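Report on the structure given below.
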């Protein structure tokens with residue numbers, strides 16, 4: 001069965017410093033992985049996705065993630081945090097059970113300090 | 001492309017009444033739509049999957065008679081919370097899959113509906 005584990009429930013960084021949000025996956029086949037961001041009382045916005053093409057994936061707003069099969073990881077990074085990055089981030093893997101379904105991680109709340 | 005509109009954004013209703021939430025794909029045809037529930041500071045829990053023109057498939061533990069899902073067209077799915085009670089208060093989010101948009105956007109999410117039952 002496919003699953004994702006987000007290793008940190010909360011991450012705090014200072015504005016202008018790098019962001020690292022960690023996600024490990026478990027999959028019996030080559031996974032499709034996504035990172036989504038959710039601002040308070042809002043829906044989810046796609047940041048980036050990995051679907052077995054390039055292992056380094058660039059997304060919106062300066063975010064990127066690297067798929068590392070040997071480490072079963074798909075960590076999200078950004079070189080310099082901005083106050084507007086403060087939000088909840090979800091790592092997602094797709095599973096197939098009659099139809100393709102998203103399996104969500106538990107989320108990481110990013111706090112950006114001025 | 002791949003925009004999903006969800007209405008209302010928030011709703012307050014009295015206990016015992018029913019509430020309908022709409023999820024529309026604005027610029028693509030959504031062959032499959034999903035309904036999620038999210039409790040405060042928690043992840044999303046899949047409630048059900050609906051395909052246009054067929055009955056929804058509910059996840060284990062979700063009461064199908066309480067959470068009625070209709071997917072009558074390729075652009076509209078509705079979730080009706082029947083005889084709502086305070087424990088049904090939650091944030092409900094829909095997402096949609098378009099066969100042509102999935103490759104680029106994955107599943108597209110609505111902006112969510114905050115339901116408060118008093």
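The values are calculated or read from the model by the stated rules, or taken from the named source; none is laboratory data. Small disclaimer: the values here were computed from a predicted structure and weren't measured. All Cβ positions, even for glycine, are placed from backbone atoms using ideal geometry, and neighbour counts span all protein chains on display.
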Residues being crowded, with 17+ Cβ neighbours inside 10 Å and within 27 Å of residue A:10 (Cβ to Cβ) - total across segment B:1-33: 0
Just wondering, is there one or more residues in segment A:61-71 that are under 19 Å from residue B:109 (Cα atoms), surrounded by fewer than 21 Cβ atoms within 10 Å (Cβ to Cβ) and more than 12 Å from the chain's Cα centre (by Cα)? yes
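Every residue, every condition in (1) closer than 22 Å to residue B:106 by Cα; (2) modelled with pLDDT of 95 or more, yes or no:
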position: B:3; (1), (2): yes, no
position: B:12; (1), (2): no, yes
position: B:22; (1), (2): yes, yes
position: B:29; (1), (2): yes, no
position: B:33; (1), (2): yes, no
Please work out which one of (1) surrounded by fewer than 22 Cβ atoms within 10 Å (Cβ to Cβ); (2) touching a residue at least 24 places away in the same chain (Cβ under 8 Å) is the condition residue B:84 fails and give its number. (1)
In segment A:1-33, the residues that are under 11 Å from residue A:74 (Cα atoms) and either within 12 Å of chain B (Cβ to nearest Cβ) or touching a helix residue (DSSP H, G or I) at 6+ places or on another chain (Cβ under 8 Å) (or both): A:4, A:5, A:6, A:32, A:33
Evaluate the following for residue A:78: is it over 23 Å from residue B:47 (Cβ atoms), buried (at least 19 other Cβ atoms within 10 Å of the Cβ), within 14 Å of another protein chain (Cβ to nearest Cβ) and in contact with a strand residue (DSSP E or B) (Cβ under 9 Å, 6 or more places away or on another chain)? no
When you check residue B:12 against the structure, is it more than 26 Å from residue A:3 (Cβ to Cβ), assigned to a strand (DSSP E or B) and within 13 Å of chain A (Cβ to nearest Cβ), yes or no? no
Does residue B:44 satisfy the condition of being in contact (Cβ under 8 Å) with a residue 12 or more places away in the chain, closer than 30 Å to residue A:9 by Cα, in contact with a helix residue (DSSP H, G or I) (Cβ under 7 Å, 6 or more places away or on another chain) and surrounded by 12 or more Cβ atoms within 10 Å (Cβ to Cβ)? no
Going residue by residue through segment B:92-103, is there one that turns out to be within 14 Å of chain A (Cβ to nearest Cβ) and surrounded by fewer than 17 Cβ atoms within 10 Å (Cβ to Cβ)? yes
What tally of residues in segment B:47-63 results from selecting those that are away from chain A (no Cβ under 13 Å) and either at positive phi or in contact (Cβ under 8 Å) with a residue 12 or more places away in the chain (or both)? 3
Mind checking whether some residue in segment A:34-56 is loosely packed, with under 12 Cβ neighbours inside 10 Å, away from chain B (no Cβ under 13 Å) and part of a loop (DSSP other than H, G, I, E, B)? yes
Please go through segment A:7-33 and give me each residue that is modelled with pLDDT of 95 or more and within 10 Å of the chain's Cα centre (by Cα), ordered by number. A:20, A:21, A:22, A:23, A:24
Of the conditions (1) within 14 Å of chain B (Cβ to nearest Cβ); (2) free of Cβ contacts under 8 Å to residues at least 24 places away in the same chain; (3) outside any strand (DSSP E or B), residue A:106 fails just one. Which one is it? (2)
